[in-house]
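*Asks:* Structure in structure tokens, see below.
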Amino acid sequence: MHLIIAEKHDAAKRIAQILAGGKPRSLRVAGVEAFQFDDRVVLGLSGHIVGIDYPQGYNNWQKVDCKDLIRAEIVVRPIQEKIISALHKLGKEADRVTIATDYDREGELIGVEALKIVEEAKPKIKADRVRYSAIVKDEIIKAFQDSGAVDYDLAASGEARQIIDLVWGAALTRYISLTSGRLGKEFLSVGRVQSPTLALIVDREKEIQSFVPHPYWEIYADLEKELRVQHAKGRIWEKGEVDGIISRLGPEGIINSIETKQRIDRPPAPFDTTGFIAAASGIGLSAANAMRIAEWLYTNGFISYPRTDNTVYPPSIDLAALTRLFLTGAFAEEAARLLQGKMQPTRGKRATTDHPPIYPTAALERGSLKDDQWKVYELVVRRFFATLAEACIWDATSLKLDIGPEPFRASGARLVEAGWRYYYPYSKAEEHILPQLKKGERLRVLGHSVEAKETQPPARYGQGKLIKLMDELGLGTKSTRHDIISKLYARAYVQGNPMRPTNTAYAVVDTLERYAPTITKPEMTQTLEKDMTEISEKKIKEDQVIEKSRVMLTSVFDELTSNQEGIGVSLKDGLRTDKIVGTCEKCHSELIIRRGHRGSRFIGCSGYPECRFTLPLPRFGTVVVTDKTCEKHGMNHIRIINKGKRPWDLGCPHCNFLEWQAKKAQEKAETPGAAKPEAKAKAGKKAKPPAKSAKKTTKETAAKGDGLVRVPGIGPKTLEKLASAGIKTSQDLLVAKTKALSSKTGLPEKKILAWKSAAKALS
């Protein structure tokens with residue numbers, strides 16, 4: 001019997017259908033479905049069927065020294081026991097096994113893991129490997145005709161990554177979590193790729209927060225023939241200069257020159273994984289969702305393999321024949337038009353031999369896919385068409401004129417030939433057509449305007465942009481980058497898109513950058529990534545790379561342990577801010593997320609026991625305090641993150657609680673035989689608003705903090721500290737120098753910046 005092993009069940013089913021030339025027979029082996037035809041059986045895995053971990057004795061975080069994990073034994077454990085049993089059973093009957101998993105580092109490792117299990121049942125079984133980039137008839141048949149050897153070096157490269165990521169992640173995560181006192185479900189995650197990526201986001205946010213806008217002005221003039229021109233200087237940095245220019249403007253403009261040149265707009269390069277994710281981000285899809293859909297489309301034979309670094313089509317792909325597939329269906333018009341042209345494909349900067357760029361492999365109708373699936377499929381189709389299309393051609397016009405002694409300019413563009421933009425509407429470029437003019441022509445000035453503007457801070461990273469940056473810096477691989485970003489969201493390190501770091505992210509990154517900067521720098525992971533690639537190229541042994549990584553991590557731990565006290569203080573100080581939700585309406589103390597004795601969570605006043613104000617919180621999920629504040633209660637909005645589910649924006653916890661109370665009251669009122677209002681009040685003691693605080697804010701304190709008491713996080717003690725530094729109003733806070741104020745009061749700069757933002761929003 002010939003056993004064929006695919007990476008997933010759906011891939012196995014499709015491969016079996018192609019090779020059988022029809023519908024294969026379904027077969028149950030150890031409770032797992034396989035597919036049989038002739039003397040062949042195709043079995044699909046579920047990704048990795050075994051995993052690596054530490055022995056059981058290392059599971060106790062508090063009893064095991066984190067540094068011991070660096071050189072602790074690594075064991076292999078079963079993940080998919082039913083599939084392993086099926087492999088054992090089929091392996092005994094087989095005389096040949098073919099690995100047909102995805103052809104990349106991870107796929108090769110998955111295949112070798114399965115092969116080792118088969119070899120346990122039948123040592124020295126004949127084994128080979130098939131490689132393909134699309135699950136379509138021609139390619140699958142050709143792959144099985146041209147099978148080759150299993151690439152054990154490529155698998156070793158993947159195994160090295162697994163071990164290195166386990167050791168670095170486990171040792172550092174435990175150390176940081178224990179040092180900060182954040183254990184259980186609220187542990188702090190640190191990773192070889194995750195942490196440098198998070199540092200990029202935090203550092204960008206710091207740039208934004210510290211950015212000082214500079215004012216500038218732009219001068220425009222409106223003339224006859226609906227012509228609008230701008231002063232040739234563009235940005236003008238001095239208001240006095242603006243006034244001088246305005247005073248010198250005359251009643252008419254004289255055309256000095258007008259030139260029209262042809263501008264060539266080249267077609268885009270074919271999709272690699274990074275380019276695809278960036279484009280998918282532009283149509284509203286997260287990196288993880290885009291890849292999930294792309295993998296489904298690939299498995300079902302609709303697009304080629306989506307994990308690739310290649311941006312050059314290989315000669316083996318018949319691009320014209322592929323285009324002809326679309327002569328019927330949703331893209332018939334585009335395909336017919338494309339086939340009439342030259343069809344010269346564009347070439348990107350990277351050409352690799354593992355997989356081609358992402359391209360469509362089948363023509364589908366709109367109704368055959370779900371909305372998001374169609375969005376991704378259409379994106380791939382249109383990008384493929386665009387790479388085969390001709391250039392887009394513009395007539396670009398440049399105009400110069402004088403108004404009095406002052407030079408002005410205007411530019412225009414007229415589309416001459418749409419070229420690739422006809423097929424790819426995601427990248428828009430609008431026409432701006434200037435009126436018919438000639439040199440020396442005089443036009444009456446109808447009016448002028450001055451626009452006051454400010455320089456803008458750098459933009460936050462969207463997921464697409466961040467993945468491009470990770471690619472440039474060598475952080476992660478094409479297969480792992482979207483997963484890294486998903487982990488940052490799941491662990492409540494970032495929120496929103498573009499991404500904003502949470503207070504937790506600030507605390508972790510600030511501490512690591514100060515006491516163990518190696519963890520947050522791309523250079524460390526770049527070195528290891530290069531080494532892992534060289535394993536697959538037979539330039540270095542797996543054991544050597546793993547040992548090198550352990551030596552690097554030992555050096556990091558030397559830094560950490562020598563600064564343990566400072567790290568603990570830094571983390572605890574920083575992490576406290578991610579629990580602050582706002583200011584208590586009753587006593588003006590901080591409202592903090594707390595946990596009860598039985599695991600329940602609630603928002604409680606830091607003025608306890610004098611003030612007993614509380615609000616309930618959901619029992620499960622990670623609580624994230626967002627930057628958005630409630631206008632009515634001044635509280636930060638809450639987001640709940642549960643793994644594998646969409647985030648739940650709970651909103652203002654006080655508003656949410658009041659809505660819940662109102663809903664319950666309405667439900668009781670609508671229930672037949674409901675108790676009278678007096679009885680309801682008695683029965684509903686648990687839902688009763690918390691008792692009023694016995695603690696009162698004195699007139700003196702309120703006066704000191706006139707306007708500041710409304711700022712979330714500023715309580716009586718903080719008011720006194722600010723007052724001692726001369727900060728008595730919100731305006732005082734806004735104009736104060738952050739660093740100087742921190743030095744005078746001992747308050748953290750990060751907190752002061754947060755209070756400034758809140759004060760500005762409230763003003």
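The values are calculated or read from the model by the stated rules, or taken from the named source; none is laboratory data. Computed from a predicted structure; not experimentally measured. Positions of Cβ are generated from backbone atoms using ideal geometry, with glycine treated the same way; all protein chains shown enter the neighbour counts.
*Asks:* Report yes if E93 is of a type outside the set (A, V, I, L, M, F, W, C), out of contact with any Asp or Glu (no Cβ under 9 Å at 6 or more places or on another chain) and touching a residue at least 40 places away in the same chain (Cβ under 8 Å), otherwise no.
*Replies:* Spelling it out, E93 is indeed of a type outside the set (A, V, I, L, M, F, W, C), out of contact with any Asp or Glu (no Cβ under 9 Å at 6 or more places or on another chain) and touching a residue at least 40 places away in the same chain (Cβ under 8 Å).
*Asks:* Under 25 Å from L115 (Cβ atoms), modelled with pLDDT of 95 or more and outside any strand (DSSP E or B) - does that describe any residue in segment 32-43?
*Replies:* No, that holds for no residue.
*Asks:* Next up: Of the numbered conditions (1) in contact with a Gly (Cβ under 9 Å, 6 or more places away or on another chain); (2) part of a strand (DSSP E or B), K453 satisfies every one except a single condition; which is it?
*Replies:* Going through (1) in contact with a Gly (Cβ under 9 Å, 6 or more places away or on another chain); (2) part of a strand (DSSP E or B) one by one, K453 breaks only (1).
*Asks:* Let me ask something else about it. Answer yes or no: is there a residue in segment 9-21 that is surrounded by fewer than 19 Cβ atoms within 10 Å (Cβ to Cβ) and of a type in the set (K, R).
*Replies:* So far as segment 9-21 goes, no, none of its residues is surrounded by fewer than 19 Cβ atoms within 10 Å (Cβ to Cβ) and of a type in the set (K, R).
*Asks:* Okay, next question. Among what's in segment 414-431 and is among the small types (G, A, S) and assigned to a loop (DSSP other than H, G, I, E, B), pick the residue that is modelled with the highest pLDDT.
*Replies:* Residue satisfying both the conditions and the ranking: A418.
*Asks:* Here's another thing I want to ask about it. Please verify whether L575 is aliphatic (A, V, I, L, M) and either touching a Phe, Trp or Tyr at 6+ places or on another chain (Cβ under 7 Å) or at pLDDT 85 or above (or both), treating the condition exactly as stated.
*Replies:* no
*Asks:* May I pose another question? Look through segment 118-152, keep the residues that are acidic (D, E) and surrounded by 14 or more Cβ atoms within 10 Å (Cβ to Cβ), and return whichever of them is nearest to A100 (Cα to Cα).
*Replies:* The selected residue is D128.
*Asks:* Please enumerate the residues belonging to segment 535-547 that are among the charged types (D, E, K, R) and buried (at least 16 other Cβ atoms within 10 Å of the Cβ).
*Replies:* So in segment 535-547, the residues among the charged types (D, E, K, R) come out as 537-539, 541-543, 547.
Of everything in segment 535-547, just one residue is among the charged types (D, E, K, R) and buried (at least 16 other Cβ atoms within 10 Å of the Cβ), namely E542.
*Asks:* Out of L322, L285, L297, I need the residue that is over 30 Å from L434 (Cα atoms) and surrounded by fewer than 21 Cβ atoms within 10 Å (Cβ to Cβ). Which one?
*Replies:* L322
*Asks:* If we keep just the residues of segment 316-346 that are in contact with a Phe, Trp or Tyr (Cβ under 8 Å, 6 or more places away or on another chain) and either in a loop (DSSP other than H, G, I, E, B) or not assigned by TED's automatic domain parsing to the domain that holds E365 (or both), which is nearest to G275 (Cα to Cα)?
*Replies:* Among them, the one singled out is P345.
*Asks:* What about V76, is it within 27 Å of T477 (Cβ to Cβ), buried (at least 19 other Cβ atoms within 10 Å of the Cβ) and hydrophobic (A, V, I, L, M, F, W, C)?
*Replies:* No: the conditions fail for V76.
*Asks:* Just one of (1) surrounded by fewer than 20 Cβ atoms within 10 Å (Cβ to Cβ); (2) over 30 Å from Q230 (Cα atoms); (3) touching a strand residue (DSSP E or B) at 6+ places or on another chain (Cβ under 7 Å) trips up G419, so point out which.
*Replies:* Every listed condition holds for G419 apart from (1).
*Asks:* From the list E186, E218, E224, E205, which residue is in contact with a strand residue (DSSP E or B) (Cβ under 7 Å, 6 or more places away or on another chain), within 30 Å of E565 (Cβ to Cβ) and charged (D, E, K, R)?
*Replies:* None of the other options fit; the residue is E205.
*Asks:* For R500, which of the numbered conditions (1) of a type in the set (K, R); (2) without any contact (Cβ under 8 Å) to a residue 40 or more places away in the chain; (3) crowded, with 18+ Cβ neighbours inside 10 Å fails to hold?
*Replies:* Condition not satisfied by R500: (2).
*Asks:* Tell me, yes or no, whether segment 468-477 has at least one residue that is crowded, with 20+ Cβ neighbours inside 10 Å, among the hydrophobic types (A, V, I, L, M, F, W, C), touching a residue at least 24 places away in the same chain (Cβ under 8 Å) and outside any helix (DSSP H, G or I).
*Replies:* Yes: one or more hits.
*Asks:* Okay, moving on. Is there a residue in segment 70-85 that is in contact with a strand residue (DSSP E or B) (Cβ under 8 Å, 6 or more places away or on another chain), part of a helix (DSSP H, G or I) and among the hydrophobic types (A, V, I, L, M, F, W, C)?
*Replies:* yes
*Asks:* So, S555, is that one surrounded by fewer than 14 Cβ atoms within 10 Å (Cβ to Cβ), touching a residue at least 12 places away in the same chain (Cβ under 8 Å), at negative phi and not in a loop (DSSP other than H, G, I, E, B) or not?
*Replies:* For S555, the condition - surrounded by fewer than 14 Cβ atoms within 10 Å (Cβ to Cβ), touching a residue at least 12 places away in the same chain (Cβ under 8 Å), at negative phi and not in a loop (DSSP other than H, G, I, E, B) - is met.
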